[in-house]
Amino acid sequence: MKILLFFHGGSKNRGCEAIVRSGIPIIKKYIPNAEISLLSQDFESDKNMPGLTNLFDDSRVEIKKYSLEWFVSLLNVKLFGNENYAIRIIYQKIFKHIPTHDVFLSIGGDNYCYGEQPWLYEVDRQVKKAGKKLILWGASIGSEDLSPAKVTDLKSFDLLLVRETLTYQNLIEKGIQNVKLCADGAFTMEKEELPLPEGWQEGNTLGFNYSPLVYKRNKASKEASIQLIQHILDTTTMTVALTPHVMINGNNDNEILQEFYHHFKSTNRVILLPDHLNAIQYKGYIARMRFFIGARTHATIAAYSNHVPTMVLGYSVKSKGIARDIFGAERLVLGITEIADTQKLIQKFEELQRDELELRELLTKKIPEIKAMSYKAGEYLAEIL
């Protein structure tokens, strides 16, 4: 059984890395003879990914201006409004693997959350045209994203594995039946505990993650976050560990957290974790934190899965859905408008502190159930194959 994981942006996004790292053992638990290969848009970042049979380059092919392909693409778009020829040129490194694999797992958890994307649909069409199995793995999709074209595309899949109940409800309400509820595989991902950095207080360090993606959507949230950290330093004895989790050009947590670090450097109570660690190493640090406040979903999953009380600077259906599945409500998840409100942030942080023991107890009880739901993805995959 040859399985190809595709639409993976690369492991400089540690959340994408976590999906692949956790997905491979989940698949092999239920399909032991599976040969699992990965198509990566950032080949170098995935060279050390364990458990793969093959790693393939999935970098995009440029259509050179005035080339034959350019003219044919232009005619198709101008005369017929059809981009499919151009898509097949640009994404040819995916298409060439269709004949040699049996099962295609679309693993970009957020790929369906960014408006209309005809290239997704064309790749899916060609996979199904070739008679291959097509699976969506660990996805989240908001109701606002479910256009008629997207619904049609999703109905063409053999199986949709979604990672939280909000997405599940959204799809069912649109009449999409080929859907099963599981949980994000990253809940099951192992961790590696590196030596603690200077300034880390064991049992009294709070992790803080902020992202350029959140900043772009609400620029006022940056100053509010700085004010929140100042409040934490003023009212507690904790060390704050700034924790990057995505290091992609133009979307690099480390760059913006460097600004936070230099702002607070003189306090000697704010540290910045390195930007070159892999997903299991970041999880090893997050697991030893007292609290975690984060914008990146997989950084918060690393915290939840190690029973660390967590406050989410949420911006999508996945943050809300995951919290609801754990707590029964969107507990300590702030929307994109709320995170620009300093007083709201402080209020929620005080709630995080106040409910520390209760949150730990809830997580200790609930996370084993969530991990079991993560493994359901492998079970459902084996059933359909």
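Remarks
- The conditions of being over 28 Å from GLY23 (Cβ atoms), in contact with a strand residue (DSSP E or B) (Cβ under 6 Å, 6 or more places away or on another chain) and in the same structural domain as ILE248 (by TED's automatic domain parsing) are not met by LYS344.
- Criterion (β-branched (Val, Ile, Thr) and under 30 Å from ILE27 (Cα atoms)) met by exactly one of THR188, THR267, THR205, THR239: THR188
- Any chance ARG296 is within 22 Å of ARG354 (Cβ to Cβ) and modelled with pLDDT of 95 or more: no
- Here LEU233 passes the criteria (1) more than 24 Å from the chain's Cα centre (by Cα); (2) within 14 Å of PHE292 (Cβ to Cβ); (3) of a type outside the set (Val, Ile, Thr) except the one numbered (2).
- Restricting the first member to the stretch 139-151 and to residues that are touching a residue at least 12 places away in the same chain (Cβ under 8 Å), and the second to residues that are among the acidic types (Asp, Glu), the beta-carbon pairs closer than 8 Å and six or more apart or on different chains are ALA139/ASP110; SER140/ASP110; SER140/GLU164; SER143/GLU173; SER147/GLU116; ALA149/GLU116; LYS150/GLU116.
Rundown of residues vs (1) farther than 27 Å from GLY378 by Cα; (2) among the acidic types (Asp, Glu), yes/no style:
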residue	(1), (2)
ALA34	no, no
ASP42	no, yes
LEU52	no, no
SER59	yes, no
TRP70	yes, no
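- For the stretch 233-341, the helices (runs of 4 or more DSSP H) that sit wholly inside it and include 3 or more residues that are surrounded by 24 or more Cβ atoms within 10 Å (Cβ to Cβ) are 279-286, 297-304, 317-327.
- No other residue among VAL308, VAL312 is touching a helix residue (DSSP H, G or I) at 6+ places or on another chain (Cβ under 7 Å), free of Cβ contacts under 8 Å to residues at least 24 places away in the same chain and assigned by TED's automatic domain parsing to the domain that holds ILE229 apart from VAL312.
- Taken together, the criteria place LEU352 among residues that are closer than 26 Å to ILE226 by Cβ and of a type in the set (A, V, I, L, M).
- Scope the stretch 147-166; condition hydroxyl-bearing (Ser, Thr, Tyr), in a loop (DSSP other than H, G, I, E, B) and closer than 18 Å to TYR114 by Cβ; matching residues: SER147
- Residue match in the stretch 174-186 (condition: crowded, with 23+ Cβ neighbours inside 10 Å and not hydrophobic (A, V, I, L, M, F, W, C)): yes
- Number of residues in the stretch 108-146 that are buried (at least 22 other Cβ atoms within 10 Å of the Cβ), assigned to a helix (DSSP H, G or I) and under 17 Å from the mean Cα position of the chain (by Cα) equals 1.
- Pairs meeting the criteria (first residue in the stretch 235-254 and within 14 Å of HIS298 (Cα to Cα), second residue assigned to a strand (DSSP E or B) and among the hydrophobic types (A, V, I, L, M, F, W, C), beta carbons under 9 Å, at least 6 apart or on different chains) are THR243/PHE208; THR243/LEU272; THR243/PHE292; PRO244/LEU272; ASP253/LEU242; ASP253/VAL246; ASP253/MET247.
To keep it simple, each residue is scored yes or no on (1) surrounded by fewer than 16 Cβ atoms within 10 Å (Cβ to Cβ); (2) polar (S, T, N, Q); (3) farther than 30 Å from LYS133 by Cα; (4) at pLDDT below 95.
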residue	(1), (2), (3), (4)
ILE346	no, no, yes, no
PHE349	no, no, yes, no
THR364	yes, yes, yes, no
SER374	no, yes, no, no
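- Residue match in the stretch 1-21 (condition: touching an Asp or Glu at 6+ places or on another chain (Cβ under 8 Å), polar (S, T, N, Q) and modelled with pLDDT of 95 or more): yes
- When ALA224, ALA220 are screened for being surrounded by fewer than 15 Cβ atoms within 10 Å (Cβ to Cβ), at pLDDT 95 or above and more than 25 Å from LYS283 (Cβ to Cβ), only ALA220 passes.
- Reported count of residues in the stretch 78-115, each being modelled with pLDDT under 75 and touching a Phe, Trp or Tyr at 6+ places or on another chain (Cβ under 9 Å), is 1.
- Which listed residue is modelled with pLDDT of 95 or more, more than 30 Å from GLU383 (Cβ to Cβ) and of a type in the set (S, T, N, Q), from THR167, THR188, THR205: THR205
- The C-beta contact set for the stretch 350-376 (first residue basic (Lys, Arg), second residue at pLDDT 95 or above, distance under 7 angstrom, 6+ apart or interchain) comprises ARG360/HIS307; ARG360/PRO309; LYS366/ILE326; LYS371/PHE187; LYS371/THR188; LYS376/CYS182.
The values are calculated or read from the model by the stated rules, or taken from the named source; none is laboratory data. Just so it is clear, the model here is predicted, and its values are computed rather than measured. Methodologically, a virtual Cβ is constructed for each residue, glycine included, from the backbone with ideal geometry; neighbour enumeration extends over all protein chains shown.
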